[in-house]
Amino acid sequence: VRSFTLARAVCVLGLMVWSVPALAALNGSAALRSQSLGAGQYRNQVTVQNTGDTTIGTLWFAWIPGQNYLPSQPTNIVSPPGWTALVTTAGAPDGYGIRWTANASSRIPVGGTLSGFGFDGSDAPAVLSGNAPNAPTTPILTSFFYIGNAFGDPGLRFVASVVPPCPVDWDGNGTRQPADIFAFLTSYFNGEARADFNANGTREPGDIFAFLTAYFVGCP
Ligand SMILES: [Ca+2]
Ligand SMILES: [Ca+2]
């Protein structure tokens, strides 16, 4: 009789736990890929992965409430379809943040991955991996997710990661593929400074061979 009562109690408890609605838990990550444009400029592309059990509707990048962390002003900002971007700053010594907000129908679903967030700037990936000049113990890439619009919920604070760059991923799409060879040759024949692949200060046929050698070695 006793074990029957216990079993029944466990069963009732289990039903109670099961029937309590789960609180929406934001979770996810963001990975930044940086590509050198030459002349001290970099193109950054960010991919977001939703590993929580609710949507992600805002990515407020390099920001926490009251502080923005990017050392240089972001330019040429791009957004995935249905998302809009706003640069946030309080002026020096504050840095810059980028707030990307989705239309209600464009939020990243549970289990989803979304790329297409991008910006240019003069901060090398090694700089972006470090701490903020205006907050020396806080990583520059400290950012927030919100379920919908900013401040509509407590949000999730996280630090975006920097994916080690692959120099032969010339079009910066995250994969090494034959299109990178053509993209490199286009840069080379257009006289782009970054086509000095062997970094000897001149653009010469040696750069083409250096690129092809590195291409066939592959990405780290
Ligand atoms: Ca590529
Ligand atoms: Ca060269």
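Tabulated results
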| item | result |
| --- | --- |
| In degrees, nearest ten, helix 2-19 long axis to first principal axis of the chain (Cα) | 50 degrees |
| Dipole of the range 77-209, positive direction: furthest Cα of LEU141, THR202, LEU128, with charges on the beta-carbon | LEU141 |
| Environment charge of PRO167, counting only residues whose C-beta is closer than 15 Å and scoring Lys/Arg +1, Asp/Glu -1 | -2 |
| Degrees between helix 179-189 axis and first principal axis of the chain (Cα, 0 to 90, nearest 10) | 40 degrees |
| Proxy reagent accessibility, fewest Cβ within 10 Å first, across ILE56, ILE208 | ILE208, ILE56 |
| 222 nm mean residue ellipticity, helices alone, for the chain (DSSP H n ≥ 4; -39,500 (n - 2.57); rounded to 500) | -6500 deg cm²/dmol |
| ³J(HN,Hα) computed for each position of the range 137-154 - Karplus, 6.51 cos²θ - 1.76 cosθ + 1.60, integer Hz, glycine/proline x | 10, 10, x, 3, 8, 5, 9, 10, 10, 10, 5, x, 6, 4, 6, x, 8, x |
| Antiparallel DSSP beta bridges within the chain, as percent of all bridges there, nearest 5 | 95 percent |
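Bear in mind these aren't lab numbers, they're just calculated from the coordinates by the rules spelled out. Small disclaimer: the values here were computed from a predicted structure and weren't measured. All Cβ positions, even for glycine, are placed from backbone atoms using ideal geometry, and neighbour counts span all protein chains on display.
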